[in-house]
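Written out below as structure tokens is the structure these notes cover.
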Amino acid sequence: MQDIPGLLFVEATMIRNVFADDESVYLIWSLEHGAWWRPNSGGYTTQISEAGWYLIDEAKSILYGANIAEVHECAIPIRMLVRMGVR
């Protein structure tokens, strides 16, 4: 499994303040690119603070389209990042 760069060093204030109790909000990690999906599927970033926030239906759609032949992308619930103490 790949490490997610900077995951433990990112300020998580916005994650704690918005949707912290809502498991239907996800960030998408690209295993293929080693980066987060940006908002509106607009490319990739290694900065978690620049990652897009996706509701469950959109996250599922992205994963379905991206993981046809093999797994390239995964969805990570924001709530999980908060529990991990992302800061």
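Values computed for the structure shown
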item	result
Filtered residues of the stretch 47-75 (kept if exposed (fewer than 13 other Cβ atoms within 10 Å of the Cβ) and either β-branched (V, I, T) or within 11 Å of W37 (Cβ to Cβ) (or both))	I68, V71
Residue list for the stretch 38-79, restricted to those being within 13 Å of V25 (Cα to Cα), without any contact (Cβ under 8 Å) to a residue 40 or more places away in the chain and out of contact with any Lys or Arg (no Cβ under 8 Å at 6 or more places or on another chain)	P39, W53, Y54, L55, I56, D57, E58, A59, K60
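No lab work stands behind these numbers, since they all come straight from the coordinates. The structure displayed is predicted, hence computed values, not measured ones. Every residue, glycine as well, gets a Cβ built from its backbone with ideal geometry; the counts of neighbours run over all protein chains shown.
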